[in-house]
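Quick notes on the structure that follows.
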Amino acid sequence: MDINWIYLAGEWIGTAAFAVSGAMVAVNKRNDIFGVLLLAIFTALGGGVIRDMLIGDLPPRIFGNFHYVLLAMVCALLVFFFARINKDRFLKEEKHIEKINNIFDAIGLGVFAVNGARIGLDAGFGGNIFMLTTLGMVTAVGGGMLRDVLIREMPFVLSKRVYAVAAICGALVFSVLVRLGVSSVLAYGIGWAITTMLRLLATAFRWNLPKAF
Amino acid sequence: MDINWIYLAGEWIGTAAFAVSGAMVAVNKRNDIFGVLLLAIFTALGGGVIRDMLIGDLPPRIFGNFHYVLLAMVCALLVFFFARINKDRFLKEEKHIEKINNIFDAIGLGVFAVNGARIGLDAGFGGNIFMLTTLGMVTAVGGGMLRDVLIREMPFVLSKRVYAVAAICGALVFSVLVRLGVSSVLAYGIGWAITTMLRLLATAFRWNLPKAF
Amino acid sequence: MDINWIYLAGEWIGTAAFAVSGAMVAVNKRNDIFGVLLLAIFTALGGGVIRDMLIGDLPPRIFGNFHYVLLAMVCALLVFFFARINKDRFLKEEKHIEKINNIFDAIGLGVFAVNGARIGLDAGFGGNIFMLTTLGMVTAVGGGMLRDVLIREMPFVLSKRVYAVAAICGALVFSVLVRLGVSSVLAYGIGWAITTMLRLLATAFRWNLPKAF
């Protein structure tokens with residue numbers, strides 16, 4: 001079996017989920033169609049670009065994988081036209097849509113977290129667990145942070161339920177398992193599952209990290 | 001004839017136009033003289049720095065071309081002292097000044113869009129039209145986005161009339177023409193004209209891209 | 001005598017000071033414990049990461065120096081738990097704390113300014129005073145700018161008393177002295193002292209740079 005198939009499927013699901021989430025935010029902020037496309041692309045692919053800039057893998061690999069940009073654009077256009085045609089439904093069922101979006105987002109977060117760590121591994125940084133974990137986190141939450149900065153929201157990474165922490169856990173578990181000799185595919189699946197599960201549980205049970213006051 | 005002369009003239013005009021635009025925003029936001037200088041430099045040169053970081057041309061070429069920084073600083077100081085001496089005129093004629101500024105900005109946008117694509121071409125990415133176009137857009141709008149993020153404005157790239165789209169069109173036309181064998185100087189002029197014209201027309205006729213609602 | 005000892009001590013003091021400053025801002029903005037850790041790390045280490053990305057020293061050296069991250073995290077946790085346990089004292093004595101923090105911040109600013117220039121020197125850019133000075137400024141104020149953008153404050157670099165200018169002066173003096181043949185350690189100490197003194201004096205005497213109006 002070609003194990004790359006799993007990585008590829010994961011990346012497509014993650015990209016689509018993050019693009020939908022970015023486009024929905026952009027529509028809600030009353031951006032024009034270009035703004036919707038740009039925010040979807042930033043959300044879906046921004047984390048990977050930052051990761052590639054950090055490890056010096058330049059130009060960022062996204063420039064050689066136009067189909068991810070295309071996928072993000074298609075998702076953004078679907079959201080845009082759905083919102084345009086069903087304005088009332090979009091606004092009325094926003095909470096419902098957000099719930100569905102949250103599930104996709106949790107899946108995307110898991111994929112991107114382990115995938116960032118895996119790319120660090122492939123780039124030869126396997127001896128540095130701290131770096132692999134950071135690359136996983138950056139890949140997973142970097143795009144969302146860019147989006148939040150651009151639309152002038154407080155990046156929810158800083159205050160929202162266990163979001164970056166879930167990404168860190170998955171990337172860390174992946175990195176440690178691979179170091180311990182576990183097969184890369186198995187570690188990939190376990191890390192992905194941990195991040196996605198943590199995030200879904202945190203949403204369902206309204207987990208929050210403690211604040212000072 | 002030395003064709004580099006045209007590129008050079010374009011870069012000087014673009015840098016000056018963007019620096020003036022950045023400095024005017026900074027003065028309006030009541031920044032001190034250092035803030036005015038910094039925002040002028042960010043607006044004029046930030047897009048090129050991001051482009052160089054993306055293609056791994058490090059350190060960014062601006063570090064070897066101090067005269068561009070100097071030009072941006074001179075423009076910023078001119079704006080600063082003009083505003084300081086003619087406070088009333090600056091505030092009263094703001095709309096008038098903004099109109100003039102818009103024209104320079106459109107010229108700068110055109111130069112920077114084709115120039116970003118040309119630098120990508122020189123760096124050996126001629127086979128990747130998507131990348132050349134993106135580099136052109138980043139060069140043209142990156143500095144303005146940095147400025148908007150720093151002064152906490154919604155980046156107008158996301159919502160303002162055909163701004164980034166004009167840059168994309170010019171960079172795309174340049175990239176395609178060069179690919180088709182058109183001489184680089186001619187393609188440069190055509191791409192530049194397209195971006196600048198689109199932007200001026202969009203301002204004059206208040207074109208906007210559609211919104212979802 | 002091992003002169004590296006001085007550089008190391010400086011970096012530890014600077015990192016700790018900036019981490020405390022970032023963590024205090026994060027606590028005040030009601031971020032959760034992860035947000036406090038992240039903002040402390042960004043404030044303390046973000047400037048160095050941007051510097052390394054500019055000179056192409058990738059991955060940024062911070063990935064090979066986990067103890068700086070650890071130091072920033074310990075400082076952040078101390079601030080977090082101090083604030084959690086002494087909420088009333090934290091809020092009541094905020095001004096007092098801010099004063100102490102300002103002193104540490106001035107020390108950190110000085111270290112980071114000369115250190116950024118020194119790293120540029122070691123990377124072979126000694127012939128370019130403009131670049132060394134810029135690298136010093138970026139190292140010193142980059143982390144704070146990132147923090148301000150993330151928490152949606154106007155970066156005080158743009159409007160606050162002689163902050164970036166103090167960093168520029170120290171980095172410039174260091175770069176020029178080294179160029180003139182002064183020993184690197186002596187230049188380091190002088191540059192550091194100049195930045196820290198300028199900043200402390202600016203705070204004490206409420207110096208501000210002129211505004212246009």
Original post:
Which residue, of C:149, C:138, C:173, is free of Cβ contacts under 8 Å to residues at least 24 places away in the same chain and within 18 Å of residue B:41 (Cβ to Cβ)?
Top reply: C:149
Original post:
Of the residues B:63, B:42, which single one is under 20 Å from residue B:135 (Cβ atoms), touching a residue at least 40 places away in the same chain (Cβ under 8 Å), out of contact with any strand residue (DSSP E or B) (no Cβ under 8 Å at 6 or more places or on another chain) and not in a strand (DSSP E or B)?
Top reply: B:42
Original post:
For region A:193-213, which residues satisfy the criterion of being among the aliphatic types (A, V, I, L, M) and assigned to a helix (DSSP H, G or I)?
Top reply: A:193, A:194, A:197, A:198, A:200, A:201, A:202, A:204
**OP:** Go through region C:28-42 and give me each residue that's closer than 19 Å to residue C:105 by Cβ and at pLDDT below 90.
**Re:** C:28, C:29
Subject >> Among the candidates B:5, B:12, residue that is surrounded by fewer than 22 Cβ atoms within 10 Å (Cβ to Cβ) and free of Cβ contacts under 8 Å to residues at least 40 places away in the same chain >> reply: B:5
Original post:
Just wondering, is there one or more residues in region A:170-187 that are among the small types (Gly, Ala, Ser) and part of a loop (DSSP other than H, G, I, E, B)?
Top reply: yes
Subject >> Odd one out for residue B:83, checked against (1) over 24 Å from residue B:167 (Cβ atoms); (2) crowded, with 18+ Cβ neighbours inside 10 Å; (3) at pLDDT below 85 >> reply: (3)
Original post:
Consider residue C:13 against the criteria (1) within 13 Å of chain A (Cβ to nearest Cβ); (2) part of a helix (DSSP H, G or I); (3) of a type outside the set (Asp, Glu): it satisfies all of them except one. Which criterion is unmet?
Top reply: (1)
Original post:
surrounded by fewer than 23 Cβ atoms within 10 Å (Cβ to Cβ), at the interface with chain C (Cβ under 10 Å from one of its Cβ atoms) and among the polar types (S, T, N, Q) - does that describe any residue in region A:168-183?
Top reply: no
Original post:
In this structure, does residue C:175 turn out to be small (Gly, Ala, Ser) and at pLDDT below 95?
Top reply: no
**OP:** Identify all residues within region A:32-75 that are away from chain C (no Cβ under 13 Å), surrounded by 21 or more Cβ atoms within 10 Å (Cβ to Cβ) and of a type in the set (D, E, K, R); write none if there are none.
**Re:** A:32
**OP:** Quickly run through region B:189-213 and pick out the residues that are at pLDDT below 90, surrounded by 15 or more Cβ atoms within 10 Å (Cβ to Cβ) and away from chain A (no Cβ under 12 Å).
**Re:** B:203
Original post:
Is it true that some residue in region A:95-108 is at pLDDT 95 or above and within 15 Å of the chain's Cα centre (by Cα)?
Top reply: no
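The values are calculated or read from the model by the stated rules, or taken from the named source; none is laboratory data. Note that the coordinates shown come from a computational prediction; the quantities given were computed from them, not determined experimentally. Using ideal geometry, Cβ is built from the backbone for each residue, glycine included, and neighbour counts are taken over all protein chains shown.
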